[in-house]
Each structure stands twice: as C-alpha cells, then as structure tokens.
Amino acid sequence: MSSSASAPLHMIDLIRKKRDGGSLDAREIGFLVTGAANESIPRDQLAAWLMAAWLRGLSLDEARALTLAMRDSGEKFSPARLGKSAVDKHSTGGVGDKTSFLVAPIVAACGVAVPMISGRALGHTGGTLDKLESIPGFRTALPLQKFEAVLMKCGASIIGQTKSLVPADRVLYALRDRTGTVESPGLICASILSKKLAAGLDALVLDVKTGSGAFLRKPEDSAYLAALMVATAEAAGTRTVALLTDMGQPLGHSAGNWIEVAESVELLRGQCPAQSEDLRELSLILAGWMIHLGGQAATPELGYSRAEKALADGSALRAFFAMVEAQGGDVSVFDNPGFHSPGATRLVSAWESGFISAMDTTALGWAVQRTGAGREKAGEPVDPHAGIDFHARLGAHLEKGQPLATLYATSPALLAEPEAILRQAIHFSSTPPQKAPLVSRIFTRESAEALLRAPSNS
Ligand code: URA
C-alpha cells in the first residue's frame with residue numbers, strides 16, 4: 001500500500017508495511033525520520049521498525065530517501081568560510097579502528113579542512129567520541145559556530161551528533177546499538193552519510209571494513225555496502241571514494257578508549273611498533289586519498305607521500321594537539337605515563353604453541369566492550385581506561401606461555417568474561433594463515449553504479 005499524498009500517516013502502518021516486506025516511499029520515510037528527530041514517535045515503535053528494516057532490508061530507493069531525510073533532520077554545517085576544501089573520511093566500524101586520530105590531523109596539516117561528525121561505540125565496535133572523551137576535558141558536543149572556529153584554527157575538528165545536528169541519527173544510532181539492528185546496509189548507509197552530507201563536504205573517503213570484525217563480513221556484502229554508499233553520496237553531490245579494507249584482526253595493537261588515543265599519539269610522534277604498522281599504513285592510504293580529493297596532490301599516491309611527510313615532520317602531531325586543546329582537552333596527559341590507570345590488569349598468555357591462524361574479531365570487539373570500554377545501555381558512562389592490548393598479530397608464531405594480550409578494567413570481576421571470550425576467539429594452528437590484503441578494492445562512482453546495476457543487486 002503506497003500512501004496517498006494527503007492521507008494521514010501512522011507509525012503502526014509503517015511498521016506493519018516493512019514487517020510484511022513492503023517498501024516505504026519518501027513521504028513515509030520523512031514522517032518516520034521527523035518523528036525520530038523530534039522524539040514524537042515512541043522508541044518502542046522506532047525499535048520495531050528498525051528490526052523490520054533489518055530483517056527485510058531496505059531497497060535502494062528507501063536507503064537513499066532515509067539518507068536524505070536524516071541529513072535534513074537538523075541544522076547543517078557550511079565549510080564555505082574555511083577558504084579551503086573540506087574532506088572527511090568515515091569507517092563502517094571495526095575493532096581498534098583509530099585511523100581518525102591520525103588522518104584528521106595529517107590531512108589538516110596538508111592544507112585540507114576535516115570537519116568530522118562522528119559517533120559513539122556501536123555494537124561490537126568502538127566509538128570515536130568515546131575514545132576522544134578519555135582525554136580529560138575534551139568536548140565532543142560543540143555548537144556549529146565553535147566547530148567552525150576550531151576548524152579555522154586547527155584545520156580539523158571532531159564532534160558528535162546533537163539534538164540539532166543530525167538529530168535523527170542521534171536517536172536511531174543509539175537505538176540500533178541496543179536492539180541488535182546495526183548490521184544492515186541501508187541503515188548503515190543512511191547513518192553514515194546523513195552525518196557526512198550534513199557537514200557540507202567537498203569530498204568523502206569511506207573506509208568499508210570486510211572480514212571477521214566488520215558489520216558485513218563477507219566481501220560481497222561489504223562491496224555492496226561500499227557501492228551503495230558511494231552511489232548515494234555521489235547522487236547527493238559529494239565526490240566519494242570507498243576503500244574495502246581488512247578487518248580480519250584488530251587494527252593496531254590496542255582496542256578500548258584511552259589506549260587507542262595513546263597508540264595514535266605514539267604514531268603521530270613518529271614511533272611505530274611492529275604491531276601498529278597496519279594502522280600507520282591504512283591511515284596514510286586514507287589520508288593520501290583525502291589530500292588528493294582535497295586538491296593538494298595530483299594523485300592518491302602523491303597524497304600518500306605528503307601524508308608521510310606530515311607525520312615525519314611533526315606537523316600532524318601539532319595539528320592534533322591544537323585540536324585537542326581547542327576542544328578543551330588536556331594535552332599534558334600525553335606526557336604523563338601514570339595517566340593510564342585501570343583498576344585491574346590481566347595478562348593472558350598463549351595457551352598452546354603455534355601460529356595465530358584466525359581471529360573472530362567481532363567476538364574480540366564484544367570482549368573489549370565487556371571490559372567496560374563500551375556500554376550495555378544508552379547513556380551509560382564508559383570506562384576510559386578499559387580495553388585490550390594485543391601483543392601478537394595474525395600469522396605470528398607464539399610458544400605456549402608467551403604474552404598474547406593484556407586486559408584492562410575497573411575491577412578483576414570485569415575481566416573474567418572478556419578473557420573467556422578471547423580464549424574462544426583466537427585460534428592457533430601449525431601452519432601460518434594466508435595474509436589478507438589491507439585494501440582489497442576501491443570504488444568510485446562508475447564502479448559503484450556498475451555493481452548496483454548487476455542483476456543480483458537490482
Ligand atoms: N558508523 C556510523 O556512523 N553508523 C553506522 O551505522 C555504522 C558505522
């Protein structure tokens with residue numbers, strides 16, 4: 001049943017329509033999004049609709065209408081007065097994924113503005129805002145005027161959705177987190193792109209995760225998500241590229257809040273332990289694309305070289321510290337080794353000898369969440385010092401008893417469940433596993449549209 005243009009709409013009808021496999025039209029989606037944003041639709045009804053959408057999937061038209069309605073649900077940012085190109089990147093979510101703390105200052109140091117609207121922990125994945133708030137004083141809720149002022153001063157600023165900025169995503173994001181409705185291409189597309197399109201970007205780089213820690217694990221599903229997002233953002237007028245990147249293990253050595261910020265600053269300071277090499281490489285690749293799309297390098301490869309230079313000459317570190325200070329954060333903690341003060345610490349050693357052959361990275365993400373680094377209920381505080389440091393990567397050969405991971409939480413009682421999950425999630429074998437490429441595919445508008453036109457997707 002398609003609603004006639006003047007008939008009154010009722011949320012119960014939209015839930016039943018989606019439940020029964022129907023498609024909502026733009027007016028119905030607009031009604032739902034407005035009701036989510038102004039909180040006139042009760043959360044139980046929104047949750048029911050989200051589950052119906054998760055189970056039935058959204059058509060291309062629905063995903064696009066949802067994206068645009070969510071983008072328009074609040075005020076928007078215009079980067080026009082910054083006087084330079086504005087380019088951002090967004091990841092579909094992973095474990096230990098802290099590239100934002102590297103790419104934002106690197107790209108800012110190369111003369112491209114990075115107005116980043118980000119999110120909190122979602123499902124088994126960590127949240128950029130929760131991580132930043134582990135820096136004492138750091139404020140992620142800024143009015144747009146202040147956002148602009150930080151961008152003018154530092155070239156980069158990272159903030160979250162608010163009651164006035166993409167308010168529909170603020171509500172739906174938190175609901176999806178606690179109703180098991182995260183892993184849906186249409187919902188992910190609308191959630192990510194509503195934030196990015198509300199920032200008025202000139203260009204966007206998407207880091208679409210694939211593998212055991214991604215929301216959509218199979219390469220064909222992650223490729224569909226990448227294509228859907230690129231085509232939707234391009235149709236809305238934003239030049240967009242998506243990279244399909246490996247999430248078959250945590251990115252870098254840490255997964256939590258403060259420990260991820262600390263690892264990023266270690267890299268910004270020019271130190272790169274072997275465990276962080278994938279993080280450094282992916283950050284440089286993403287930054288290279290952003291610098292290229294921002295007009296500061298003729299190719300992504302030349303952008304990569306500029307990014308490397310900004311990392312090496314300290315300008316990216318300076319941009320990061322400037323942003324932290326401008327958003328109220330206390331940078332002295334980065335020189336205070338005693339700042340990382342979890343209530344309880346436990347070293348887990350290899351329980352057998354062999355190569356680390358596989359990781360269930362989604363399970364590892366839940367283990368991190370259960371240390372207290374993530375939340376069980378909306379609005380709960382997270383523990384800034386909780387999380388897991390991984391001492392070995394996929395393919396490493398360990399002898400029984402060698403260090404595998406260190407767990408942090410506020411109390412020993414909170415360590416039992418994460419340790420049990422970790423022991424189930426990491427597998428050893430007598431032969432090394434095949435290494436997955438860090439970047440397996442790149443989608444531009446043409447390749448995205450071609451994939452969506454393929455008979456299996458139409
Ligand atoms: N990041 C978002 O902002 N939304 C999602 O749904 C997934 C990742």
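The values are calculated or read from the model by the stated rules, or taken from the named source; none is laboratory data. All figures in this text were calculated on a predicted structure; none of them were measured in a lab. Because the Cβ atoms are built from the backbone with ideal geometry, glycine has one as well, and the counts that use them run over all protein chains shown. Just so you know, the surface numbers come from the protein's heavy atoms only, side chains and all, with ligands and any DNA or RNA stripped out. Shrake-Rupley method; radii C 1.70, N 1.55, O 1.52, S 1.80 Å.
Here are the numbers for this structure:
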{"quantity": "Part-to-part distance (alpha-carbon centres) for the range 77-108 and the range 342-396, which is given in Å", "calculated": "26 Å"}
{"quantity": "Cα gyration tensor category, rounded, prolate or oblate, for the range 1-69 with a/c compared to 1.5", "calculated": "rounded"}
{"quantity": "Gyration tensor (alpha-carbon) shape descriptor, the range 337-409, a/c threshold 1.5", "calculated": "oblate"}
{"quantity": "Surface per residue (accessible, 1.4 Å probe) for the range 28-75, Å²", "calculated": "42 Å²"}
{"quantity": "Most to least packed among 306-313, 449-456 [average Cβ atoms within 10 Å]", "calculated": "306-313, 449-456"}
{"quantity": "Accessible area of the range 1-82 belonging to carbon and sulfur atoms, whole % at 1.4 Å probe", "calculated": "55 percent"}
{"quantity": "Other-chain or far-sequence residues with amide H under 5 Å of SER85's (modelled H)", "calculated": "ALA113"}
{"quantity": "Accessible surface of the range 164-312 [probe 1.4 Å, protein heavy atoms]: carbon and sulfur percent", "calculated": "50 percent"}
{"quantity": "Solvent-accessible area per residue, Å², over the range 287-418 with all protein chains present [probe radius 1.4 Å]", "calculated": "43 Å²"}
{"quantity": "Over the chain: helical MRE at 222 nm, DSSP H runs n ≥ 4 each giving -39500 (n - 2.57), nearest 500", "calculated": "-13000 deg cm²/dmol"}
{"quantity": "Rg in Å to one decimal, and Dmax rounded to a whole Å, for the chain via C-alpha atoms", "calculated": "21.3, 70"}
{"quantity": "Beta bridge orientation in the chain: antiparallel %, DSSP, nearest 5", "calculated": "55 percent"}
{"quantity": "Within the accessible area of the range 362-426 (1.4 Å probe), percent carbon and sulfur", "calculated": "57 percent"}
{"quantity": "Anisotropy class of the range 296-442 from Cα gyration tensor, a/c 1.5 cut", "calculated": "oblate"}
{"quantity": "Net charge of Cβ neighbours under 12 Å - reference LEU82; Lys, Arg +1; Asp, Glu -1", "calculated": "+1"}
{"quantity": "Under 12 Å, Cβ to Cβ, from LYS146 - net charge with Lys/Arg +1 and Asp/Glu -1", "calculated": "+1"}
